[in-house]
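Participant: Once you've had a glance at the structure underneath, I'll fire off some questions.
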Amino acid sequence: MATANFAPSQSTAPKQSAHLPPLASYLDINRLGGVLLLTSACEDIDPGIDASDFDNSLASNPNLLVPGGCYRHETRTFYRQQALAGVELVARCLLDLGIAASRIEHCDFVTGCDADPIDVVHAFLQRLPAATPDALLYYVGPSTHNGSWAFAWRTDEEELVTCIVDSASLLPAAGLDDGPPGNRLVVADAPNTAGQWARPAPRLFGLASWEGLGKPGSSGGPPLAQWLAGHGPAEPPEGAIVFELPLDLGMRKLPSYAPLFWAPPQTDAHVARSLLWELQEFIGAATRREVRQEANAELLAWGGAEMLLALLALHGGSTKAAPLILQIIWLLHSLVLFAPFARWMGSQRRAMLAVLAVPALRQPCEAAVLASALSFAAACASKCRHCLEDCAGPAWQEIHRLVLGALALRQDDAALTAACKVVTQAASCRVLDATGHRELLHSLVKLILAEGEGSKPCAATVQLAVVEALLFISLRCNEAKRDLLQTLGQSSNLPGLLKNADALLAAKLLGLLRSLAAIEPKFGVVQALDSSLADVVVHCLCCHAESSPVQRWGLAALGALVIRNPAMTVHVAKDAATCVAWALGSDALDDDAEVEKEALFCAHALCSTEQGCVQLTLHDAPIARLAAGAVTRRVRHSLGAAEACIWGMRVLERLAGCRKTFHSVEPFAGMIVDTILSPECQVQTAVAGGAAISHLASSSSTAMKLLVQHRMQLVKGLQQRARMAVEADGGECGRAQEKELQDWAKVLTEMLVDAHAFTNEEHIDEQEEDEEADHEDAEEQNSRKTSHSRQASKLEVSSRQTTKLGDDAAGAGRKSSRR
């Protein structure tokens, strides 16, 4: 093993950036007792590969990773140069920060070395002074696929020596030989090391590592080392995982810190409870509510989860350790809820599986322990995708067994709630078929309906959790819908449960009804549910008129039930129309787009019958005006693709197609035309709009006159949307929409062309009449002009004659005078 001494004056590192090196923000120089830099000769760890037997370009080891890919023999020299450059960069940065050269050790495992890297690290940690207990470990070189450090060098006899170092073997066993408690920071400058070295662990803090293969180095050295030393950009290189030190809120000053984190797991359950009580107060006391997230983050970052799992493994099966187990699970649950998810670095899954294994170790298992374990599993599944996949996959059989056990304990609300929550998480990721889960389905239904021997209504929290679980189960499985419909339809308790439910529970129940109404085939609803259930839904809508969730899911359920069973319209048409009008026109629900969408959907369902159309157009429920307003708002705000816009236009289509209600749509013919011609209009809206104006054109002469003026624009607009339908979806659905739009364009062309020709004929007749009248007026004026001109001529002749006579008289006078 070779060592090196560093001096600031000999620095050949690149010039630093203007910003402070990141290492400076992570290290407390006054507490830093030593720095250990680790490298090796970067030999291949597989002695079976002999590069001399074939072309060097083919000599590689896929089991050994270097920055950028697999280890290749011909570039071993480059790997070695990069490792030494990384050490040089870090060492020079530390020296420039004022750390004494005597505190920096470089252990280079090269030819002739007979030391063990693990022993070297242990000895280094044990030598740390109590006054300066902090340490920095930096490794640069190859790694294995799981992120372990791969040391490889040769002896003087050319024999290969390898040492694989993982995070578990790096530190000595907790105890007196571990050195003083302090911040032991690790930088793993090797590929794929984040999953192992960045994971929180007691006595070790993963400062920086690589996720994936990382980036190859350059002439300036490894990218991560350059960044740590302050060369280049202020942000870490892409692919590097860097964690800041957590905010120090005083956890490491607690009396219980050293016994819990720097000593072997406590075997005495009573002593362990006392120690954990301090941590419970630290992260969960009411007086620390404002810093709860920061406190949980500090506990997790310094390895709190690993410490708790070690205690759980030691006491999980102990018959007298139930209070301690509840403490451990409570602390883990708090870390899942409040600590940053990214800081877990994938260790939540192991924690969840460890907690789920506890009830099997305790037979019979206490209800409180069972509830805590299931609740913790549900929390993990809600935060972590891998935990969710485990709950729905490999761990489901065990979870299913635990859930059935919790449902059997019908007196424990916490266990029931936790069981339902974990079922909800699993059902969101997998199909819980009725065949394999019939016992689970029936147990949940009996629980919510308070059926069975000695049953009584469960708590509100339990009811909410049960309904939500049934909802998620039904969403993914048609067979489960059928089973639930039959069970609920045979019960007389469902209407009473709906009528007496508060707003939150009513919204959940109505959402469940909406899901069940989507069963295939649709006659299952007719067979299972009585038509009077629609009246109960209307009752809920009236009782919770200003509750957005109730209005949303109540209208959705009512519309779905009416679609599946049109006979329900007879019972609820008038009241349902009032509910729809309230939802669309109420100021309390004005900004809720979901309520608006479901209200229009329900109105569309009610319009499937003439009676429903009539009720929707009465003065108390001006649905045509409200639907037109919804469409206009959506188009104006560039939301033409919104479902509310589509359902609003469909409502207008059905009202326009009814002989008793088309007149209510006449005032909005211009709005429909503007919507179709708008660039924001989508294909489905255009389909409904084309049908609506076609119905109006055949029923209303007033609308016809307006449509004739825009016939060319309308036809071109529908044809353009037809092309858009095929471009957006070249499949069967797109072609069907294209055909429908083209058909409406043809219908409009034929109707409006005939109307245009008829209008032109009328216009020509009127023009001829006007021309005849003008001709007669002209003739009359001409005759008057002729008569006037004749009279003027006569007058002119008369005046001429008078003048002539005057002249003659004057001449005669002159003659008389001369005479």
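Participant: Could you go through the stretch 148-155 in sequence order and give the Karplus-derived ³J(HN,Hα) for each residue, using 6.51 cos²θ - 1.76 cosθ + 1.60 with θ = phi - 60°, rounded to whole Hz, and x for Gly and Pro?
Facilitator: So the Karplus estimates, Gly and Pro as x, are 6, 6, 10, 8, 8, 8, 10, 7 Hz.
Participant: Projected onto the charge dipole of the chain (+1 at Lys/Arg Cβ, -1 at Asp/Glu Cβ, origin at the Cα centre), which of Q196, W210, A722 gives the Cα projection farthest towards the positive end?
Facilitator: Of the listed residues, the answer is A722.
Participant: Taking all protein chains as present, what is the carbon and sulfur share of the accessible area of the stretch 207-342, in % to the nearest whole number, probe 1.4 Å?
Facilitator: Working: 3450 of 6000 Å².
It is 57 percent, rounded to a whole number.
Participant: Compute the signed sum of charges (Lys and Arg +1, Asp and Glu -1) over the other residues within less than 13 Å, Cβ to Cβ, of A722.
Facilitator: On the way: positive: K716, R721, R723, R735, K739, K746; negative: E727, D729, E738, E740, D743.
Within the 13 Å Cβ shell, the charges total +1.
Participant: Same structure again: From the phi of every residue in the stretch 697-707, what ³J(HN,Hα) in whole Hz does the Karplus formula 6.51 cos²θ - 1.76 cosθ + 1.60 yield, where θ is phi - 60° and glycine or proline is x?
Facilitator: Once θ is set to phi - 60°, the couplings for the stretch 697-707 become 4, 8, 10, 10, 6, 5, 5, 4, 4, 5, 5 Hz.
Participant: Could I ask something else about it? Under 5 Å between amide H atoms, partner at least 5 residues away or on a different chain: which partners does G34 have, H built in plane at 1.01 Å?
Facilitator: L136
Participant: Would you mind checking which residues have amide H under 5 Å from I29's amide H? H placed 1.01 Å from N; only 5 or more apart, or other chain.
Facilitator: none
Participant: Sequence gap at least 6, Cα distance under 8 Å: using those rules, report the relative contact order of the stretch 519-640 to the nearest whole percent. Could you put the intermediate results ahead of the total?
Facilitator: Values: 142 pairs, mean separation 30.9, N = 122.
Contact order relative to length: 25 percent.
Participant: Shifting gears a bit: Taking the Cα centre of the stretch 590-662 as origin and charging only Cβ (+1 Lys, Arg; -1 Asp, Glu), how large is the dipole, in debye to the nearest 20?
Facilitator: Using Cβ point charges on Lys, Arg, Asp and Glu, the stretch 590-662 gives about 420 debye.
Participant: Here's another thing I want to ask about it. How do the peptides 464-474, 587-597 rank, highest first, by the average count of neighbouring beta carbon atoms within 10 Å per residue?
Facilitator: Details: 464-474: 24.5, 587-597: 16.9.
Peptide ranking by packing, descending: 464-474, 587-597.
Participant: Looking at the stretch 150-223, which GluC sites (Glu not before Pro) are DSSP coil and have at most 13 other C-beta atoms within 10 Å of their C-beta? The partial results should precede the final answer.
Facilitator: Working: sites: E157, E158, E159, E211; in loops: E157, E158, E159, E211.
Taking the stretch 150-223 and a limit of 13 other Cβ atoms within 10 Å, the loop GluC sites (Glu not before Pro) found are E157, E158, E159.
Participant: What angle, in degrees between 0 and 90 and rounded to the nearest 10, separates the Cα long axis of helix 548-564 from the longest principal axis of the Cα atoms of the chain?
Facilitator: The two axes meet at around 70 degrees.
Participant: Once the Cβ-Cβ distance between D502 and E439 is put in as r, and R0 is 41 Å, what FRET efficiency do you end up with, to the nearest 0.05? Don't jump to the answer; show the numbers that get you there.
Facilitator: On the way: r = 29 Å, r/R0 = 0.72.
It comes out at approximately 0.90.
Participant: Let me ask something additional. Normalising by the residue count of the stretch 669-760, find the relative contact order in percent from Cα pairs under 8 Å and 6+ residues apart.
Facilitator: After rounding, I find 32 percent.
Participant: As a check on your grasp of the helix formula, calculate [θ] at 222 nm for the chain: sum -39500 (n - 2.57) over DSSP H runs of n ≥ 4, divide by the residue count, round to the nearest 500.
Facilitator: Computed mean residue ellipticity for the chain: -19000 deg cm²/dmol.
Participant: Determine ³J(HN,Hα), in whole Hz, for all residues of the stretch 570-583 in sequence, where each value follows from phi through the Karplus function 6.51 cos²θ - 1.76 cosθ + 1.60 and θ = phi - 60°; x replaces Gly and Pro.
Facilitator: Couplings: 4, 7, 10, 4, 5, 5, 5, 4, 5, 5, 5, 4, 5, 5 Hz.
Participant: What size of dipole, in debye to the nearest 20, comes out for the stretch 397-520 about its Cα centre when the only charges are +1 on Lys and Arg C-beta atoms and -1 on Asp and Glu C-beta atoms?
Facilitator: Details: 13 positive and 12 negative charges, 38 e Å.
Around 180 debye, computed over the stretch 397-520.
Participant: Among DSSP bridges having both ends in the chain, what percentage is antiparallel? Round to the nearest 5.
Facilitator: Values: 18 of 39 bridges.
Percentage antiparallel, nearest 5: 45.
Participant: Stretched out fully, how many nm does the piece from S428 to A342 gain, at 0.36 nm a residue minus the Cα gap? Show your work: numbers first, answer last.
Facilitator: Details: separation 86, 0.36 × 86 = 30.96 nm, distance 2.27 nm.
Difference between extended and current length: 28.7 nm.
Participant: Let me ask another. Any chance you could check the Cα centroid distance between the stretch 593-635 and the stretch 205-259 for me, in angstrom?
Facilitator: 59 Å
Participant: Please find the FRET efficiency linking A101 to E290, where r is the Cβ-Cβ separation and R0 is fixed at 41 Å, and quote it to the nearest 0.05. Don't jump to the answer; show the numbers that get you there.
Facilitator: Values: r = 45 Å, r/R0 = 1.09.
E(calc), rounded to 0.05, equals 0.40.
Participant: Could you order the peptides 362-375, 336-349 from most to least packed, using the average number of other C-beta atoms within 10 Å per residue? Write down the numbers at each step before the final one.
Facilitator: Details: 362-375: 19.8, 336-349: 17.4.
Packing proxy ranking, top to bottom: 362-375, 336-349.
Participant: Compute the acute angle (0 to 90°) between the alpha-carbon long axis of helix 533-543 and the principal axis of greatest extent of the alpha-carbon atoms of the chain; round to the nearest 10°.
Facilitator: Taking Cα atoms only, the helix is inclined about 90 degrees.
Participant: Given Cα pairs under 8 Å that are at least 6 residues apart, what percent is the relative contact order of the chain? All intermediate terms of the calculation are to be shown ahead of the outcome.
Facilitator: Working: 1328 pairs, mean separation 49.0, N = 819.
That works out to 6 percent.
Participant: Beta carbons within 10 angstrom, averaged per residue: use that to sort the peptides 716-726, 621-631, highest first.
Facilitator: On the way: 716-726: 19.6, 621-631: 23.7.
Result, highest mean Cβ count within 10 Å first: 621-631, 716-726.
Participant: Oh, and also: Exactly which chymotrypsin sites (Phe, Trp or Tyr not before Pro) in the stretch 56-141 are in a DSSP loop and have at most 16 other Cβ atoms within 10 Å?
Facilitator: Passing both the DSSP loop test and the Cβ count: no residue.
Participant: What residues have an amide H closer than 5 Å to that of W210, excluding those fewer than 5 places away on the same chain, when H is modeled at 1.01 Å from N in the peptide plane?
Facilitator: A190, N192, T193, A194, I241
Participant: So what is the diffusion coefficient of the stretch 162-246 in µm² per second by Stokes-Einstein at 10 °C and 1.306 mPa s, using a Kirkwood Rh over Cα pairs? It would help to have the intermediate numbers written out before the result.
Facilitator: Numbers: Rh = 14.1 Å.
D = 113 µm²/s.
Participant: How far is helix 623-636 tilted off the main Cα axis of the chain, in degrees rounded to 10, range 0 to 90?
Facilitator: 60 degrees
Participant: State the Cα centre-to-centre distance between the stretch 113-169 and the stretch 663-699 in whole Å.
Facilitator: 76 Å
The values are calculated or read from the model by the stated rules, or taken from the named source; none is laboratory data. Nothing here was measured: the structure is a model prediction, and the numbers come from that model. Please note: Cβ atoms are built from the backbone with ideal geometry, for glycine as well, and neighbour counts cover all protein chains shown. These accessible areas exclude ligands, DNA and RNA; they are computed on the full protein's heavy atoms, side chains included. Shrake-Rupley method; radii C 1.70, N 1.55, O 1.52, S 1.80 Å.
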